[in-house]
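Report on the following structure.
The values are calculated or read from the model by the stated rules, or taken from the named source; none is laboratory data. Predicted, not measured: the structure shown is a model, and the values here were computed from it. Because the Cβ atoms are built from the backbone with ideal geometry, glycine has one as well, and the counts that use them run over all protein chains shown. The accessibility values were calculated without ligands, DNA or RNA, using every heavy atom of the protein model including side chains. Shrake-Rupley method; radii C 1.70, N 1.55, O 1.52, S 1.80 Å.
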Amino acid sequence: KLSGTRDPPEFKIVLPMETTVRVATWNIAAINNNPFEFWITNKDPHYDILMSSVQRFINDPGAMDVEVAEVFTPKMLNELRFEMQKMGWQGVDEAITTFHKEFKPRKIVSDFLKDPTLGAKRLISMPDRITNTLNLPNGQKLHRPTVINCYAGYFDSVESWWRQWKKFMFETNVNVGSGNDS
């Protein structure tokens, strides 16, 4: 309790026994800037069309619920393996084996995006949170190439995005500060 504040008034609501109460909540402390995570009020009718279309796709992707390997292709996987090995990372072969065994055959929406175990383990959201938007010591922001942040670059194809993503992840040097500077 803050000094000088009063206790809030107590409210008592008496409901008949057969009444159903519906409650909704919203995470107002979210730290990311994914435009598909928060549906806002917007006067532009195209915004509602876009958001409704994305929601319909997630709810029922139908034939567009392709295997992960159709989106993250074998060529991309080989390029990623090369970049990780070039960095000297340990466990690259194990990661590739796990990808082939656990992720490659999954459907991209129903078996991957909607997998509650991936969400519970934060295997997707935590790496995104860490690399999505970097706050630099000079006050500027650096955005990972993706459609789910404020990245100002342009993607005219998956290949275009992939080139930009690899450059960001493996070639871009970033000073995020240290100690009290970060």
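With the requirement that a residue be of a type outside the set (A, V, I, L, M, F, W, C), under 13 Å from GLU171 (Cβ atoms) and either open to solvent by 30 Å² or more (accessible area, probe 1.4 Å) or free of Cβ contacts under 8 Å to residues at least 40 places away in the same chain (or both), what does the stretch 80-89 give you?
Once the filter is applied, which keeps residues that are of a type outside the set (A, V, I, L, M, F, W, C), under 13 Å from GLU171 (Cβ atoms) and either open to solvent by 30 Å² or more (accessible area, probe 1.4 Å) or free of Cβ contacts under 8 Å to residues at least 40 places away in the same chain (or both), the stretch 80-89 yields only LYS86.
Could you grab the pairs with beta carbons closer than 6 Å, sequence gap of 6+ or different chains, first residue in the stretch 92-105 and without any contact (Cβ under 8 Å) to a residue 12 or more places away in the chain, second one open to solvent by less than 70 Å² (accessible area, probe 1.4 Å) and hydrophobic (A, V, I, L, M, F, W, C)? Here the result reads VAL92/MET84, each pair linking the stretch 92-105 to a residue that is open to solvent by less than 70 Å² (accessible area, probe 1.4 Å) and hydrophobic (A, V, I, L, M, F, W, C). Taken as a whole, the structure places THR133 among residues that are open to solvent by less than 40 Å² (accessible area, probe 1.4 Å) and closer than 25 Å to PHE36 by Cβ.
Let me confirm something: among VAL147, VAL92, which residue is open to solvent by 50 Å² or more (accessible area, probe 1.4 Å) and of a type in the set (A, V, I, L, M)? It would help to see each step written out before you state the result.
Values: VAL92 fails: open to solvent by 50 Å² or more (accessible area, probe 1.4 Å).
Only one candidate qualifies: VAL147.
Among all positions in the stretch 58-79, there is at least one residue which is surrounded by 10 or more Cβ atoms within 10 Å (Cβ to Cβ), under 30 Å from GLN164 (Cβ atoms), polar (S, T, N, Q) and modelled with pLDDT of 95 or more. Residues in the stretch 150-173 that are open to solvent by less than 80 Å² (accessible area, probe 1.4 Å) and among the small types (Gly, Ala, Ser): GLY153, SER157, SER160. In the stretch 18-47, the residues that are open to solvent by 70 Å² or more (accessible area, probe 1.4 Å) reach residues that are polar (S, T, N, Q) and at pLDDT 65 or above with C-beta atoms within less than 9 angstrom, at least six apart or across chains, in these pairs: PHE36/GLN55; TRP39/GLN55.
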